[in-house]
Amino acid sequence: MRNKRSLELRRIGLFGGTFNPIHIGHLRIAGEIKEHFSLDGILFIPTGIPPHKEDSGVIDPVHRLHMVELAIAPCKDFTVSSIEVERKGISYSIDTIKTLQKEMGHTVELYFIVGSDAFLEIRTWKDVDELLTLCNFIVIPRPGHRFIDLKGIDIPSLNRISAVDLDKLDRGEISRLPATLTERYCLFLERITPCDISSTELRRLIKEKKEVKNLLPESVLLYIMKQGLYR
Ligand code: ATP
């Protein structure tokens, strides 16, 4: 007889990124989203060759993967997948989600987490209309970006949200706006505590030998120093 636990739906957040390198902002996002949506865990997925960042100093995926492993080591509900690092060619989210769904089976419900800056470009992603039928999506604000700017994206479910509501979300009068994607899945626009850190800024600070110790886990900083990365 199967036990009760095996029949329960597990809810997992997928957090893809270049993680070049992973920073405190990424970890805070994962922690807050896990709590807001009562997720069972967060799976970090470092990209192999990212489709949108080919020429911007992206270091070897093996280093980026290892830095994610170091960063999440203290967090028991965070795990990392090497699926995109091991795949040959450019990493597309749709391929990753389909593969993970096959591997994990029907007892897992996926929530794909994406920053509003990345989501603004979603129409350029591979097979976006199909992608948006495959799982839930959570869009989080990037400091300097407003949810109202998503209004121009050609996604019918998003366009059904009124500009008034988007404005309320931007001003913090509400903290979440759901939009139906399919009978089963939703797109959530979700407010989180703003954290103005980017990997680009971190790489610049490291190159200029400036102080970065509060911006990333100590284990990651030690690894960067030992390997001489971003110099
Ligand atoms: P880079 O500066 O190199 O572009 P990044 O800091 O944006 O890197 P990524 O690894 O590309 O880091 O980010 C992974 C995901 O996390 C993306 O969806 C991105 O929008 C989101 N993200 C990263 N940093 C933040 C932040 N400080 N606030 C909100 N979202 C963020």
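The values are calculated or read from the model by the stated rules, or taken from the named source; none is laboratory data. Nothing here was measured: the structure is a model prediction, and the numbers come from that model. Methodologically, a virtual Cβ is constructed for each residue, glycine included, from the backbone with ideal geometry; neighbour enumeration extends over all protein chains shown.
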Checking Val85 against (1) closer than 20 Å to Asp167 by Cα; (2) buried (at least 16 other Cβ atoms within 10 Å of the Cβ): exactly one of these is not met. Which one? (1)
Count, please, the residues in region 180-224 that happen to be outside any loop (DSSP other than H, G, I, E, B), near the ligand (Cβ under 10 Å from one of its atoms) and acidic (Asp, Glu). 1
Scan of region 67-82 for residues that are among the β-branched types (Val, Ile, Thr) and buried (at least 16 other Cβ atoms within 10 Å of the Cβ), ordered by number: Val68, Ile72, Val80
Can you pull out every residue in region 107-136 that is among the polar types (S, T, N, Q) and crowded, with 16+ Cβ neighbours inside 10 Å? Ser116, Asn136
Would you check which residues across region 88-138 are in a helix (DSSP H, G or I), over 27 Å from Ile197 (Cβ atoms) and among the polar types (S, T, N, Q) and list them? Thr99, Gln101
The one condition Phe44 fails out of (1) loosely packed, with under 15 Cβ neighbours inside 10 Å; (2) closer than 20 Å to Cys195 by Cβ is (1)
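Quick grid of which residues meet (1) part of a helix (DSSP H, G or I); (2) small (Gly, Ala, Ser); (3) in contact with a Phe, Trp or Tyr (Cβ under 7 Å, 6 or more places away or on another chain); (4) modelled with pLDDT of 95 or more:
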residue: Glu32; (1), (2), (3), (4): yes, no, no, yes
residue: Ser38; (1), (2), (3), (4): no, yes, no, yes
residue: Ile42; (1), (2), (3), (4): no, no, yes, yes
residue: His52; (1), (2), (3), (4): no, no, no, no
residue: Ser56; (1), (2), (3), (4): no, yes, no, no
residue: Ile59; (1), (2), (3), (4): no, no, no, no
residue: Leu65; (1), (2), (3), (4): yes, no, no, yes
residue: Leu70; (1), (2), (3), (4): yes, no, yes, yes
residue: Cys75; (1), (2), (3), (4): no, no, no, yes
Give me the residue from region 170-197 that is out of contact with any Lys or Arg (no Cβ under 6 Å at 6 or more places or on another chain) and among the charged types (D, E, K, R) and, out of that set, surrounded by the fewest Cβ atoms within 10 Å (Cβ to Cβ). Glu183
